[in-house]
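Engineer: If you scroll down you'll find the structure; I have some questions about it.
The values are calculated or read from the model by the stated rules, or taken from the named source; none is laboratory data. None of the values given here were measured: they were computed from a predicted structure. Here Cβ is always computed from backbone atoms with ideal geometry, including for glycine, and neighbour counts include all displayed protein chains. Each accessible area value is taken on the protein alone, full model and side chains, heavy atoms only, with ligands, DNA and RNA left out. Shrake-Rupley method; radii C 1.70, N 1.55, O 1.52, S 1.80 Å.
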Amino acid sequence: MPRMIDVIRSSGANSNVMQTAARGALAVPPQEMLEILVYLATQTKIFAERARLTLAGWDETSSRKAAADPKTPKEVLAYLITPGNLRPTLLPALLENPSVSETSLAELAAAASRYMLETLVKSPRINQSKIILSALSSNPHLNQAQSSAIVERLASFASPTTSEPESPAASPESSPAADFAPSEVPNQASPETSAGEVPDEATAAYLTEHAGEISAEGNKPFQPIGGLEELPADAPMVPDPAPAEAKTEAVASSIAHGAATAARKAPAPVKKTYLSAEEQRGSALQKISKLGITGRIQLAMKGTKEERSLLIRDGTKIVALAVLESPKLTDSEVEKFANQKNVLEAVLRGISMKRRFMKQYAILRNLTFNPRTPIDVSLGLVKHLLAGDLKNLAGNKEVSDTVRKIALRMFRQKLDVTKSD
């Protein structure tokens, strides 16, 4: 009897069988089912989308086994390693699978996100391949330490009698990160920061790691997702176009005038005032609206809760993600962020990538119920929900149809287990 994959390839299966196959519900071994799904996702038009969604939520244990097995068909491995289909949990197994071609790994290395880079640079196979390392060295998301390590590793492939020219990635003068090197940041006098304020080590490290992205963004003003709240009439909404020198002179003049006035007048008693929540928000908006990208990143890392609640909505991704790196960020704030629809998808993905946050069930639940959460993130979190939340998610019409169907299936499975007990 021929294998089902061969029947499908020869167009011998009827429409009902093909639909069942696209849902991953055929009575065949898991490895063959995976092969069928990849075929449907890549070689058919009618069933491709359904098959891709099924693959995105496919059982992790079965997927990891296939990713690590050298006998897995090359078509399956090629699908799993493609950047658009790659699940981060499968990456370590795919990297060390000898059946995954160097060409595929080189393509992945050149375009991998910063979340994958840590796994890539630690892979024994990657570090033993000059081809893959060369491709990895061109990745724009590498930080300075990673770039230097790759350059040193590439240099070790050269013969002792020849010397390789130094890669631009290793040169502080040519690297975008040099503009934000930790040793230089404290000495920079930027008009974007408060007088006398010096970025701490965590802020400096973030600026260094993302120097390339910061440079590419230029000097975008604050544009929150969902639009700006109403500000006081005197609140400037765009950065002052005056050059930095003019700002510095104006500040110095103001300080000198204030000092002279203070010397002539006795200090008057100051009455302590308290701002309402609305006034605090307006004040924070005024402050943020005057800052460029670097200043907003520093404020995201070191500012107040009110300032973080605004900056998490920043339309500039590198600023919004800086909020998640703040040492002052609390779990209750993240729980609120995970429920917001007026943040970038990258923020919700960033929350899901941090183990500290995923230990909090409320955060996990909010991410899953948020229709703005990327579908691959939601599919990975659904399995952790309690039965009651699975039932509610299955009836939530705001989220993706795929997420609802998987939630319903898992709810029924848990219900069956409960009844059998």
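Engineer: State which residue pairs qualify: first residue hydrophobic (A, V, I, L, M, F, W, C) and inside the stretch 43-61, second residue open to solvent by 50 Å² or more (accessible area, probe 1.4 Å) in any location, beta carbons under 6 Å apart, and separation of 6 or more residues or different chains.
Structural biologist: Pairs found: 56/376.
Engineer: Then there's this: Go through the stretch 43-57 and give me each residue that's under 20 Å from residue 74 (Cα atoms) and open to solvent by less than 70 Å² (accessible area, probe 1.4 Å).
Structural biologist: So in the stretch 43-57, the residues under 20 Å from residue 74 (Cα atoms) come out as 43-44, 48, 51-52, 54-56.
Correct list: 44, 48, 51, 54, 55, 56.
Engineer: Give the residue that is farthest from residue 150 (Cα to Cα), with candidates limited to residues of the stretch 83-92 that are out of contact with any Asp or Glu (no Cβ under 7 Å at 6 or more places or on another chain), surrounded by fewer than 18 Cβ atoms within 10 Å (Cβ to Cβ) and in contact (Cβ under 8 Å) with a residue 24 or more places away in the chain.
Structural biologist: Start the filter on the stretch 83-92 by keeping residues that are out of contact with any Asp or Glu (no Cβ under 7 Å at 6 or more places or on another chain), which leaves 83-88, 90-92.
From what is left, the residues that are surrounded by fewer than 18 Cβ atoms within 10 Å (Cβ to Cβ) are 83-85, 88, 92.
Subsequent filtering for residues that are in contact (Cβ under 8 Å) with a residue 24 or more places away in the chain retains 83, 85, 88, 92.
Numbers: 83: 21, 85: 26, 88: 22, 92: 19 Å.
The residue in question is 85.
Engineer: Can I ask one more? Residue by residue through the stretch 331-345, note down the ones that are open to solvent by less than 60 Å² (accessible area, probe 1.4 Å) and either free of Cβ contacts under 8 Å to residues at least 40 places away in the same chain or outside any loop (DSSP other than H, G, I, E, B) (or both).
Structural biologist: In the first step, residues of the stretch 331-345 are kept if they are open to solvent by less than 60 Å² (accessible area, probe 1.4 Å); the result is 331, 333-334, 337-338, 340, 342-344.
Of everything in the stretch 331-345, those that are open to solvent by less than 60 Å² (accessible area, probe 1.4 Å) and either free of Cβ contacts under 8 Å to residues at least 40 places away in the same chain or outside any loop (DSSP other than H, G, I, E, B) (or both) turn out to be 331, 333, 334, 337, 338, 340.
Engineer: Scan (1) surrounded by fewer than 19 Cβ atoms within 10 Å (Cβ to Cβ); (2) touching a helix residue (DSSP H, G or I) at 6+ places or on another chain (Cβ under 7 Å) for the single condition residue 100 breaks and write down its number.
Structural biologist: (1)
Engineer: Let me ask something additional. Among the residues of the stretch 194-212, which ones are at pLDDT below 80 and over 16 Å from residue 287 (Cα atoms)? Lay out the reasoning, then the answer.
Structural biologist: Within the stretch 194-212, the subset at pLDDT below 80 is 194-202.
Selection gives 196, 198, 199, 200, 201, 202.
Engineer: Does residue 36 satisfy being over 24 Å from residue 400 (Cβ atoms), at pLDDT 90 or above and surrounded by 16 or more Cβ atoms within 10 Å (Cβ to Cβ)? Steps first, answer last, please.
Structural biologist: Numbers: over 24 Å from residue 400 (Cβ atoms): no; at pLDDT 90 or above: yes; surrounded by 16 or more Cβ atoms within 10 Å (Cβ to Cβ): yes.
When the stated conditions are applied, residue 36 does not pass them.
Engineer: Would you mind finding the one in 66, 27, 78 that is outside any loop (DSSP other than H, G, I, E, B), open to solvent by 40 Å² or more (accessible area, probe 1.4 Å) and small (Gly, Ala, Ser)?
Structural biologist: Sole residue among the options that is outside any loop (DSSP other than H, G, I, E, B), open to solvent by 40 Å² or more (accessible area, probe 1.4 Å) and small (Gly, Ala, Ser): 78.
Engineer: Which number in (1) over 19 Å from residue 65 (Cα atoms); (2) open to solvent by less than 30 Å² (accessible area, probe 1.4 Å) marks the one condition that residue 105 misses?
Structural biologist: Among (1) over 19 Å from residue 65 (Cα atoms); (2) open to solvent by less than 30 Å² (accessible area, probe 1.4 Å), residue 105 violates only (1).
Engineer: Go through the stretch 351-360 and give me each residue that's part of a helix (DSSP H, G or I) and open to solvent by 70 Å² or more (accessible area, probe 1.4 Å). So that I can check it myself, show each step before the final result.
Structural biologist: Filtering the stretch 351-360 down to residues part of a helix (DSSP H, G or I) leaves 351-352, 355-358.
Result: 355, 356.
Engineer: Which pairs do you get when a residue that is over 9 Å from residue 369 (Cα atoms), found in the stretch 386-397, comes within reach of a residue that is modelled with pLDDT under 90 and of a type in the set (D, E, K, R), reach meaning Cβ atoms under 8 angstrom, with the pair 6+ apart or on two chains?
Structural biologist: Sorted first by the residue in the stretch 386-397, then by its partner, the pairs are 387/414; 390/414.
Engineer: Consider the stretch 71-100. How many of its residues are within 22 Å of residue 114 (Cα to Cα), over 24 Å from the mean Cα position of the chain (by Cα) and either of a type in the set (Lys, Arg) or modelled with pLDDT under 90 (or both)?
Structural biologist: 0
Engineer: Starting from the stretch 109-134, keep only residues that are of a type in the set (Val, Ile, Thr), then list their pairs with residues that are open to solvent by 50 Å² or more (accessible area, probe 1.4 Å) and at pLDDT below 90 whose Cβ atoms are within a distance under 8 Å, requiring at least 6 positions of separation or different chains.
Structural biologist: Within 8 Å, the pairs are 119/88; 121/149; 131/102; 132/102.
Engineer: Something else: Since residue 38 meets every condition but one in (1) out of contact with any Phe, Trp or Tyr (no Cβ under 9 Å at 6 or more places or on another chain); (2) outside any loop (DSSP other than H, G, I, E, B), which condition does it not meet?
Structural biologist: Failed condition: (1).
Engineer: Kindly provide the set of residues from the stretch 120-137 that are open to solvent by 50 Å² or more (accessible area, probe 1.4 Å) and in a helix (DSSP H, G or I), ordered by number.
Structural biologist: Kept after step one, since they are open to solvent by 50 Å² or more (accessible area, probe 1.4 Å), are these residues of the stretch 120-137: 122, 124, 128, 130-131, 134.
Passing the criteria: 122, 124, 130, 131, 134.
Engineer: Among (1) open to solvent by less than 20 Å² (accessible area, probe 1.4 Å); (2) under 27 Å from residue 213 (Cβ atoms), where does residue 146 come up short?
Structural biologist: The failed condition is (1).
Engineer: Follow-up. Go over the candidates 364, 324, 348, 381 one by one and state the one that is under 14 Å from the mean Cα position of the chain (by Cα), open to solvent by less than 50 Å² (accessible area, probe 1.4 Å) and more than 19 Å from residue 304 (Cβ to Cβ). Walk me through it before giving the result.
Structural biologist: Working: 364 fails: under 14 Å from the mean Cα position of the chain (by Cα); 324 fails: more than 19 Å from residue 304 (Cβ to Cβ); 381 fails: under 14 Å from the mean Cα position of the chain (by Cα).
When all the criteria are applied, what remains is 348.
Engineer: Just give me the residues in the stretch 370-387 being touching a helix residue (DSSP H, G or I) at 6+ places or on another chain (Cβ under 6 Å) and assigned to a helix (DSSP H, G or I), in sequence order.
Structural biologist: Result: 376, 377, 378, 379, 381, 382, 387.
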